[in-house]
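A.B. asks: There's a structure below that I have some questions on.
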Amino acid sequence: MRPTAPTDPVTDSGPDDIRDFPHPRSAGCPFDLSPGMRALAQEGPVTRTRAWNGRAPWTVTGHAEQKTLLGDPRLSADFSHPGFPSPVAHHGQSEAGATDLSFVGMDDPEHARLRRMVSGAFTIKRIEALRPAVQAMADRFIDDLLAGPKPADLVQALALPIPSLVISELLGVPYEDHDFFQTNSKTIVSAVATPAQRHTAHTNLQDYLDDLVGRKTAEPGDDLLSHLGRHVDAGELSRREAAAMGVLLLLGGHETTANMISLGTLLLLQHPDQLARIRDAEDPKVVVAAVEELLRYLSIVHLGRRRTAVEDIDIAGRTIRAGDGVILLGELANRDPAVFPDPDRLDIGRDARHHQAFGAGTHHCLGQPLARMELQVVYPTLFRRIPTLRAAVDLDEIPFKHDAVIYGLHALPVTW
């Protein structure tokens, strides 16, 4: 039975004990967590914050507590729960009634059923088979970068094209349509777009992929949308559901990785000693460890992973009641000193494998093998090919994405 939203959302603390939900990043140094985030972490691993609508969802900051809760079936990912701690005032529904982000907003068994339809494309073995092609892409885009004018925008020249091309080929989406899906994706993850603008952008992508699934069903190829089309033909999936899954994979497949490439590049340019270790590494394990540390340190998914309790849960001396919203802040879990000593220091030699950049539990990021592989290719290739690469403007002139739920850079002017 679906829990109702609590009449009084503050059950264990008085209103005066609740702090407003903090902005994730420091205004002074955009790679640092904000003072509000740091203060929240100091209050304990499970506390409460005041949301935009006056409710007070539980906010989980501790690494161990997040890992436990992300694996707990008593937390629901369903956006339609009355107590779901939405970061905005509206969560639209597709015409088919599915949530905007397909199976991301579903619970098992429906979540598992839909996820299984696409998970085979993201196995480590299949992703590793793509590595030579991604390496060729990286070299080609770097060739074009070197042949072009200086300064250049690394976001447009490298960071955005590579993951966009990779996910386009994997899905079977024509890359020549990349301006269309990048523009609409940017609106969907914008923290300042209106609900109507986000809904329109999502509808644009949904309609585009619905039409594409229809064409793939009639003339299938060797790609994920054709694979989903076969499920449509078998009556296991509606065309609209297949299109919604396509939106999720297209959005997740390029937006996050593109931001990691540009943001990680800038961070490494600020730490030349760490950059040199990646550039000069002969052992691939050095690059693998470096990527994990960059994923931990940057933690680009803002606003947290959001859930609703469907049963009472006791954790860290607190009781999360059925119907309460829960926000799990990965950026704080990834700076938890109990797991990562001296967490505010970038150290590509540390063991950062236990970070929460990709979540945990049944909803852990499906595309993490692809993202890891792309980053492992791009960082060392870029720094080896252009050893004198540097930012063309001062740090305070670089436009960071404080206006988006996926952190990154709007542009990165570079020269060499």
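A.B. asks: Within segment 27-43, can you find the residues that are open to solvent by 20 Å² or more (accessible area, probe 1.4 Å) and not in a helix (DSSP H, G or I)?
C.D. replies: In the first step, residues of segment 27-43 are kept if they are open to solvent by 20 Å² or more (accessible area, probe 1.4 Å); the result is 27-29, 32, 35-36, 38-39, 41-43.
27, 28, 29, 32, 43 - these are the residues of segment 27-43 that are open to solvent by 20 Å² or more (accessible area, probe 1.4 Å) and not in a helix (DSSP H, G or I).
This table checks each residue for (1) within 19 Å of residue 25 (Cβ to Cβ); (2) touching a Phe, Trp or Tyr at 6+ places or on another chain (Cβ under 7 Å).
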residue	(1), (2)
293	yes, no
309	no, no
312	no, no
320	no, yes
330	yes, no
338	no, no
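A.B. asks: Which one of these does residue 335 not meet: (1) out of contact with any Leu (no Cβ under 7 Å at 6 or more places or on another chain); (2) in a loop (DSSP other than H, G, I, E, B); (3) not aliphatic (A, V, I, L, M)?
C.D. replies: If we test residue 335 against (1) out of contact with any Leu (no Cβ under 7 Å at 6 or more places or on another chain); (2) in a loop (DSSP other than H, G, I, E, B); (3) not aliphatic (A, V, I, L, M), just (1) comes out false.
A.B. asks: If you don't mind, another one. Taking residue 193 and the conditions (1) within 19 Å of the chain's Cα centre (by Cα); (2) part of a helix (DSSP H, G or I); (3) of a type in the set (A, V, I, L, M, F, W, C), which numbered condition does it fall short on, given that it satisfies the others?
C.D. replies: Unmet for residue 193, out of (1) within 19 Å of the chain's Cα centre (by Cα); (2) part of a helix (DSSP H, G or I); (3) of a type in the set (A, V, I, L, M, F, W, C): (2).
A.B. asks: Shifting gears a bit: Would you point out which residue out of 262, 238 is touching a residue at least 12 places away in the same chain (Cβ under 8 Å) and closer than 30 Å to residue 295 by Cα? Before the answer, list the steps.
C.D. replies: Working: 238 fails: closer than 30 Å to residue 295 by Cα.
Of 262, 238, the one residue that is touching a residue at least 12 places away in the same chain (Cβ under 8 Å) and closer than 30 Å to residue 295 by Cα is 262.
A.B. asks: What pairs come up if the first residue lies in segment 275-292 and is modelled with pLDDT of 95 or more, the second is exposed (fewer than 14 other Cβ atoms within 10 Å of the Cβ) and in a helix (DSSP H, G or I), and their beta carbons are under 7 Å apart, counting only those six or more places apart or on different chains?
C.D. replies: If the second residue must be exposed (fewer than 14 other Cβ atoms within 10 Å of the Cβ) and in a helix (DSSP H, G or I), the pairs left are 279/384.
A.B. asks: Can I ask one more? What's the total number of residues in segment 382-405 that are open to solvent by 20 Å² or more (accessible area, probe 1.4 Å), in contact with a Ser or Thr (Cβ under 7 Å, 6 or more places away or on another chain) and under 19 Å from residue 298 (Cβ atoms)?
C.D. replies: 1
A.B. asks: Return the residues of segment 131-143 that are touching a helix residue (DSSP H, G or I) at 6+ places or on another chain (Cβ under 7 Å) and either open to solvent by 50 Å² or more (accessible area, probe 1.4 Å) or within 24 Å of residue 366 (Cα to Cα) (or both); say none if nothing qualifies.
C.D. replies: The answer is 131, 134, 135, 137, 138.
A.B. asks: Also, quick follow-up: Taking segment 272-286 on its own, how many of its residues are within 27 Å of the chain's Cα centre (by Cα), surrounded by 15 or more Cβ atoms within 10 Å (Cβ to Cβ) and not β-branched (Val, Ile, Thr)?
C.D. replies: Residues meeting the conditions: 4.
A.B. asks: Could you tell me how many of the residues in segment 290-331 are among the basic types (Lys, Arg), part of a strand (DSSP E or B) and surrounded by fewer than 24 Cβ atoms within 10 Å (Cβ to Cβ)?
C.D. replies: From segment 290-331, those among the basic types (Lys, Arg) are 296, 305-307, 318, 321; that's our starting set.
So of that shortlist, the ones also part of a strand (DSSP E or B) come out as 305-307, 318.
Cutting the leftovers down to surrounded by fewer than 24 Cβ atoms within 10 Å (Cβ to Cβ) gives us 305-306, 318.
Qualifying residue count for the region: 3.
A.B. asks: Next question. If residue 64 satisfies all but one of (1) hydrophobic (A, V, I, L, M, F, W, C); (2) at pLDDT below 90; (3) open to solvent by 40 Å² or more (accessible area, probe 1.4 Å), what's the number of the condition it fails?
C.D. replies: (2)
A.B. asks: Out of 48, 55, I need the residue that is open to solvent by less than 10 Å² (accessible area, probe 1.4 Å), outside any helix (DSSP H, G or I) and not hydroxyl-bearing (Ser, Thr, Tyr). Which one? Don't jump to the end; show me each part of the working.
C.D. replies: Values: 55 fails: open to solvent by less than 10 Å² (accessible area, probe 1.4 Å).
Result of the check over 48, 55: 48.
A.B. asks: Tell me yes or no: at least one residue of segment 109-123 is outside any helix (DSSP H, G or I), in contact with a helix residue (DSSP H, G or I) (Cβ under 7 Å, 6 or more places away or on another chain) and crowded, with 18+ Cβ neighbours inside 10 Å.
C.D. replies: no
A.B. asks: Does residue 344 satisfy the condition of being touching a residue at least 60 places away in the same chain (Cβ under 8 Å), within 20 Å of the chain's Cα centre (by Cα), over 14 Å from residue 292 (Cα atoms) and assigned to a loop (DSSP other than H, G, I, E, B)?
C.D. replies: On the way: touching a residue at least 60 places away in the same chain (Cβ under 8 Å): yes; within 20 Å of the chain's Cα centre (by Cα): no; over 14 Å from residue 292 (Cα atoms): yes; assigned to a loop (DSSP other than H, G, I, E, B): yes.
No; evaluated as a whole, the condition is false for this residue.
A.B. asks: Residue 379 passes all but one of (1) open to solvent by 30 Å² or more (accessible area, probe 1.4 Å); (2) at pLDDT 95 or above; which number fails?
C.D. replies: Single failed check for residue 379: (1).
A.B. asks: Still on this structure, I have one more. Pick from segment 332-364 the residues that are closer than 16 Å to residue 63 by Cα and among the acidic types (Asp, Glu): which of them is surrounded by the fewest Cβ atoms within 10 Å (Cβ to Cβ)?
C.D. replies: Of all residues in segment 332-364, those closer than 16 Å to residue 63 by Cα come to 332-344, 351-361, 364.
When the remaining residues are screened for being among the acidic types (Asp, Glu), the result is 336, 342, 344, 351.
Details: 336: 20, 342: 9, 344: 12, 351: 11.
This residue is 342.
A.B. asks: Let me ask you something else. Filter segment 169-183 for residues that are without any contact (Cβ under 8 Å) to a residue 24 or more places away in the chain, more than 18 Å from residue 399 (Cα to Cα) and in a helix (DSSP H, G or I) and give the result. Even if it seems obvious, please write down each step before you answer.
C.D. replies: Restricting attention to segment 169-183, the residues satisfying the condition of being without any contact (Cβ under 8 Å) to a residue 24 or more places away in the chain are 174-176, 178-179, 183.
When the remaining residues are screened for being more than 18 Å from residue 399 (Cα to Cα), the result is 174-176, 178-179.
Within segment 169-183, 175, 176, 178, 179 qualify.
A.B. asks: Would you confirm, using the coordinates I've provided, whether residue 408 is open to solvent by less than 50 Å² (accessible area, probe 1.4 Å) and either aliphatic (A, V, I, L, M) or under 17 Å from residue 25 (Cβ atoms) (or both)?
C.D. replies: On the way: open to solvent by less than 50 Å² (accessible area, probe 1.4 Å): yes; either aliphatic (A, V, I, L, M) or under 17 Å from residue 25 (Cβ atoms) (or both): yes.
Spelling it out, residue 408 is indeed open to solvent by less than 50 Å² (accessible area, probe 1.4 Å) and either aliphatic (A, V, I, L, M) or under 17 Å from residue 25 (Cβ atoms) (or both).
A.B. asks: Going residue by residue through segment 117-132, is there one that turns out to be hydrophobic (A, V, I, L, M, F, W, C), more than 24 Å from residue 254 (Cβ to Cβ) and modelled with pLDDT under 95? Spell out the reasoning first.
C.D. replies: At the first step, the residues of segment 117-132 found to be hydrophobic (A, V, I, L, M, F, W, C) are 117-118, 121-122, 124, 127, 129-130.
Those still in the list that are more than 24 Å from residue 254 (Cβ to Cβ) too: none.
Looking for residues that are hydrophobic (A, V, I, L, M, F, W, C), more than 24 Å from residue 254 (Cβ to Cβ) and modelled with pLDDT under 95, one finds none in segment 117-132, hence no.
The values are calculated or read from the model by the stated rules, or taken from the named source; none is laboratory data. Just so you know, these numbers come straight off a predicted model, no measurement behind them. Note that each Cβ is placed from the backbone with ideal geometry, even for glycine, and that neighbours are counted across all protein chains shown. The protein model used for the area step is the full one, side chains on, heavy atoms only, and it has no ligands, DNA or RNA in it. Shrake-Rupley method; radii C 1.70, N 1.55, O 1.52, S 1.80 Å.
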